[in-house]
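Note sheet for the following structure.
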Amino acid sequence: MNLKYSNIYFIGIGGIGMSALARYFNQKGIAVAGYDKTETRLTQQLVQEGISIHYEDLGAKVGDLVGDVTSTLVVITPAVPQSMKELIFLQNSAYVIKKRAEVLGIITAGYKTLAIAGTHGKTTTSTMLAHVLSSTEAKCNAFLGGISANFNSNLLIEESSPWMVVEADEYDRSFLQLKPYSSIITSTDADHLDIYKSKETLVQAFEEYGQLTSPDGKLILHDSVDVCKELPHFTYGIGENIDVDYKGQNLRVENGHFMMDVRTPTQFHENIILGLPGIHNAENALSVIALCESMGVDLEEIRTAFGSFRGVKRRFELVARNENIIYIDDYAHHPTAINVLLDSIRLIYEDTPIYVVFQPHLFSRTKDFMQEFARSLDKANEVILMPIYPAREEPIEGVTSEALSKLMQTKVSVQQPETVLQSLKKINSGIILTVGAGNIDRLVEPIKTMLL
């Protein structure tokens with residue numbers, strides 16, 4: 001690692017990717033501090049781990065917190081506005097400033113990096129892969145995009161292992177900073193069109209990313225992904241009539257277990273129990289099987305590890321249940337992901353009514369996929385739409401949750417967060433889903449408390 005600094009200062013330290021880097025440097029004995037806009041459970045945990053965090057833009061006063069110019073590295077996320085006073089001060093003071101993706105690329109360059117790319121499924125797949133490898137002799141290090149329920153962290157350090165599992169984030173073309181040994185590409189659905197402008201440009205970026213894969217490694221491609229087909233690769237997918245190297249078949253629930261049969265290039269394996277339910281998680285598991293087999297891991301070891309996989313916070317997370325209601329929280333924020341989520345719920349719970357609370361994430365994404373969001377949400381029996389979570393964006397005229405609701409066929413209402421709980425209290429039985437990538441997670445504990 002070519003980062004010779006005794007102080008690291010993070011702007012946006014509470015982000016899931018930023019916090020993993022902060023934990024990494026903190027565990028290496030480097031002085032870590034940072035700013036974030038709001039205090040969260042994650043920032044509280046970082047403070048407990050010995051990291052100094054503040055929640056006010058200090059402007060020039062930040063100079064009192066950071067080290068001198070020669071000993072301090074400043075790490076930022078693309079979401080940080082250029083008008084932030086601290087950032088302006090640090091830029092004018094000639095501090096070295098690097099984006100999160102660049103720092104991750106520098107750290108991981110010293111490992112055999114196993115990177116998971118795709119517009120959906122990165123976090124669950126990378127966490128599943130890290131869990132499987134950590135259960136074998138290979139072991140691994142990992143920077144994860146969510147909190148693993150098994151590790152209770154988004155960082156895994158295993159000094160003896162040469163393997164590093166990371167998410168390859170397509171936003172802002174960040175994944176082009178990586179040097180992957182092997183890669184999984186789960187999907188190339190149109191997304192981040194505020195950056196890429198067209199799906200074709202997005203797919204081209206994935207093509208460039210795939211080309212970075214080491215000749216000694218392997219590229220694992222979902223059946224829907226059409227990039228880098230001239231490189232050595234394996235394909236995977238779910239279905240009876242598809243032509244793939246790793247095929248999942250006969251998805252079912254038996255005795256409370258979600259399971260499938262798997263056909264690999266050389267063998268057929270029955271009754272593989274998955275630690276997580278859902279069609280998308282079965283696909284994620286197939287990609288992990290393919291990558292691990294390419295590394296020489298035996299499928300029976302993989303099968304055993306799947307059985308103890310507990311998933312990721314906010315990914316098909318079963319939060320609470322009582323006699324009449326099951327409550328699941330999920331990060332889905334793209335129509336394709338919502339489709340798969342609701343199809344999975346229907347597969348597992350069949351005719352049980354589904355009530356969805358959805359918070360659209362980004363004005364640009366909502367504008368680009370307004371019709372698609374309406375169609376995917378219509379699979380629920382009833383939907384509550386919260387106002388759009390803006391994140392880094394300014395409002396776009398005519399792009400609102402009210403506009404989305406007018407395109408939907410199912411029963412739908414638009415509500416502020418403070419009224420959602422009262423509406424959910426009226427539900428007597430069924431599945432409650434909270435869905436979205438914004439701050440909808442603040443509803444999780446109140447809903448859980450209400451149900452238990």
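The values are calculated or read from the model by the stated rules, or taken from the named source; none is laboratory data. Bear in mind that the values here come from a model prediction, so they are computed numbers and not experimental data. Every residue, glycine among them, receives a Cβ derived from its backbone with ideal geometry; neighbour counts consider all protein chains shown. For the accessible areas, the whole protein counts, side chains as well, though only heavy atoms, and no ligand, DNA or RNA atoms are used. Shrake-Rupley method; radii C 1.70, N 1.55, O 1.52, S 1.80 Å.
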Which of the GluC sites (Glu not before Pro) found in region 33-94 are in a DSSP loop and have at most 15 neighbouring Cβ atoms, other than their own, within 10 Å?
E39, E49, E56
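Which FRET efficiency value, to the nearest 0.05, do you get for R442 and A109 by plugging their Cβ-Cβ distance into 1/(1 + (r/R0)^6) with R0 = 41 Å? Display every interim value, and only then the final one.
On the way: r = 37 Å, r/R0 = 0.91.
The formula returns an efficiency of 0.65 here.
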Magnitude of the Cβ-charge dipole (Lys and Arg +1, Asp and Glu -1) of the chain about the Cα centre, nearest 20 debye, reported as 780
With +1 assigned to the C-beta of every Lys and Arg and -1 to the C-beta of every Asp and Glu, and no other charges, what is the dipole magnitude of region 1-120 about the Cα centre in debye, to the nearest 20?
420
Between region 395-443 and region 145-215, what is the C-alpha centre distance in whole Å?
30
First compute the accessible area of region 365-439 with a 1.4 Å probe, then give the percent of it belonging to carbon and sulfur atoms.
47
The answer for chymotrypsin sites (Phe, Trp or Tyr not before Pro) in region 16-96 that fall in a DSSP coil and have at most 14 neighbouring Cβ atoms within 10 Å is Y55
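Remind me, relative contact order of the chain in percent, using alpha carbon pairs under 8 angstrom and six or more residues apart? Don't skip to the answer; put the middle values down first.
Values: 904 pairs, mean separation 48.7, N = 452.
Averaging sequence separation for qualifying contacts and normalising by length gives 11 percent for the chain.
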The chain accessible area per residue, 1.4 Å probe, protein heavy atoms, integer Å², reads 43
With a 18 Å threshold on alpha-carbon distance, the violating pairs from K247/K379; K99/K179; K37/K61; K4/K28; K99/K122 are K247/K379; K99/K122
Using only Cα atoms, locate the centre of region 337-392 and the centre of region 248-279, then give the distance between them in Å, rounded to an integer.
26
With unit charges on the beta carbons (Lys and Arg positive, Asp and Glu negative) and the dipole taken about the Cα centre of the chain, which residue among G59, V399, I384 sits farthest to the positive side?
G59
Whole-percent carbon and sulfur share, accessible surface of region 55-131, 1.4 Å:
53
Working from the pairwise distances between different alpha carbons, so that the mean of 1/r is found and then inverted, what is the chain's Kirkwood radius in Å?
22.9
Between S294, F358, Q409, whose Cα lies farthest towards the positive end of the dipole of region 257-409 when Lys and Arg beta carbons carry +1 and Asp and Glu beta carbons carry -1, centred on the Cα centre?
F358
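Measure off, as a whole percent, the carbon and sulfur share of the 1.4 Å-probe accessible area of region 2-49, all protein chains present.
The C+S portion of the solvent-accessible surface of region 2-49 is 44 percent.
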Test item: Cα-centred dipole of region 372-452, Lys/Arg +1 and Asp/Glu -1 on Cβ, debye
380
When the charge dipole of region 207-366 is computed with +1 on Lys and Arg Cβ and -1 on Asp and Glu Cβ about the Cα centre, the Cα farthest towards its positive end, among N324, F234, A305, belongs to N324
Give a quick list of GluC sites (Glu not before Pro) in region 122-222 that DSSP marks as loop, anything other than H, G, I, E or B, with at most 16 other Cβ atoms within 10 Å.
E137, E158, E159
Quick one: net charge of I273's neighbours, Cβ under 15 Å, K/R +1, D/E -1?
-2
Straight-line reach from K313: which aspartates and glutamates have a Cα under 19 Å away, not including same-chain ones fewer than 8 places off?
E39, E167, D169, E283, D329, D330, D441, E445
